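Taking it in order: structure first as structure tokens, then the write-up.
The values are calculated or read from the model by the stated rules, or taken from the named source; none is laboratory data. Since this is a predicted model, take the numbers as computed values, not measurements. Cβ placement follows ideal geometry from the backbone for every residue including glycine, while neighbour counts extend to all protein chains displayed.
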Amino acid sequence: MLFRRRRKHRRVRFGSLALLVLLIVGLWGGSRPVGTLDGGGTQAEAHRGANREAPENTLPAFARAAENGAWGVETDVFLTKDGIAVLSHDDTIDRCSDGEGRIADMTLAELNEYDFGAWFSQAYTDTPIPTVEAFLETVAGLEQINIELKDNEGGIAAVVTGQVQARGLLEKTVFSSFNLEALVAVTEACPEAQTAFIYQGNSPYALEILKDAGAFCAKYKLSGLHPVYACVCRKLLKNAHAAGIAVRPWTVNESFYAAGLIRLGADAIITDDTPMVEQVREEQPVSGIFSAALLNIAGHVYPLYEKVKDILD
């Protein structure tokens with residue numbers, strides 16, 4: 001009994017020591033910001049537009065985001081049955097309209113029969129699904145346009161890059177995706193296009209990126225990384241920035257984490273609450289030191305934890 005009690009005490013001491021080491025490493029790393037790639041500070045990017053004030057991925061939401069002072073906006077695109085690029089996060093219209101069905105199975109004319117605003121508020125009744133062309137016209141004055149491709153079905157990469165290029169917006173547009181094949185298709189369609197890989201801790205590439213972000217991005221000709229915010233740490237930012245790679249975490253809606261990411265030096269924050277991010281930028285709260293330390297620890301541990309969990313599952 002005494003022997004077992006001593007072993008238990010040793011485990012407790014070892015666990016406490018490990019926790020202390022992690023805390024020290026986190027605070028040390030979190031107190032030494034990397035800085036943003038361009039030196040201009042962390043910017044706010046409106047996720048699906050100002051989706052808390054207007055229906056997501058509609059022109060009113062993007063107009064509202066610009067009014068809120070968003071530096072950039074993020075959206076998602078799909079092709080209609082007749083090859084028109086339109087905005088939608090989902091591949092169906094079930095959640096954000098009064099209709100049902102897959103976008104790929106409907107023409108633009110058929111989609112225009114449905115209301116994409118009333119589900120959010122009666123004030124937005126008769127809001128149509130936006131085309132990429134209308135979207136680009138609405139957000140052309142912003143500093144960055146982030147277009148997410150779910151895949152490359154129907155050659156959507158070539159369609160969308162062509163529209164962006166035709167409007168002269170290539171320099172301020174980044175094409176992002178969880179799907180590396182879609183990003184390769186963007187580069188093949190337009191070698192000058194900027195591409196960014198979106199990932200979470202359970203991505204098969206998360207540990208590879210943490211180990212050497214520059215080498216990973218060079219392999220796929222990426223100019224950016226869009227990790228879930230729990231994957232961000234000082235090592236990732238330092239290595240990415242050394243290779244000229246921008247890091248824009250998502251989706252950050254708490255001021256505590258926004259403060260930490262700003263302190264660490266994330267290039268932009270993808271958020272549903274751009275006014276909050278702007279306020280944190282101005283105030284630079286003390287909580288940024290602690291949240292940066294927490295993120296610095298999580299950025300190392302979370303991808304490894306997800307990898308082990310997947311193996312055990």
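Annotations
- Test result for Tyr305, assigned to a helix (DSSP H, G or I), among the aromatic types (Phe, Trp, Tyr) and either under 22 Å from Glu74 (Cα atoms) or free of Cβ contacts under 8 Å to residues at least 12 places away in the same chain (or both): no
- Wholly enclosed strands (runs of 3 or more DSSP E) of the range 75-193 bearing at least 3 residues in contact with an Asp or Glu (Cβ under 9 Å, 6 or more places away or on another chain): 144-149, 173-177
- From the list Ile84, Ile93, Ile103, the lone residue that is closer than 28 Å to Gly155 by Cα and in contact with a helix residue (DSSP H, G or I) (Cβ under 6 Å, 6 or more places away or on another chain) is Ile84.
- Cβ-Cβ contacts under 6 Å between residues 6 or more apart (or on different chains), taken from a first residue in the range 45-68 that is farther than 21 Å from Phe175 by Cβ to a second residue that is at pLDDT 95 or above and among the basic types (Lys, Arg), are listed as Ala50/Arg64; Glu53/Arg64; Ala54/Arg64.
- Note on the range 232-264: residues that are among the small types (Gly, Ala, Ser) and touching a strand residue (DSSP E or B) at 6+ places or on another chain (Cβ under 9 Å) amount to 3.
- Exactly one residue out of Asn239, Asn202 is assigned to a loop (DSSP other than H, G, I, E, B) and either closer than 21 Å to Pro33 by Cβ or not small (Gly, Ala, Ser) (or both): that is Asn202.
- Gly260 surrounded by fewer than 18 Cβ atoms within 10 Å (Cβ to Cβ), in contact with a helix residue (DSSP H, G or I) (Cβ under 9 Å, 6 or more places away or on another chain), under 16 Å from Thr36 (Cβ atoms) and modelled with pLDDT of 95 or more: no
- The one condition in (1) touching a helix residue (DSSP H, G or I) at 6+ places or on another chain (Cβ under 7 Å); (2) within 22 Å of Phe62 (Cβ to Cβ); (3) touching a residue at least 60 places away in the same chain (Cβ under 8 Å) that Ala293 fails to fulfil: (2)
- Qualifying residue in the range 270-290 (condition: hydrophobic (A, V, I, L, M, F, W, C), closer than 22 Å to Glu74 by Cα, surrounded by 15 or more Cβ atoms within 10 Å (Cβ to Cβ) and under 16 Å from the mean Cα position of the chain (by Cα)): yes
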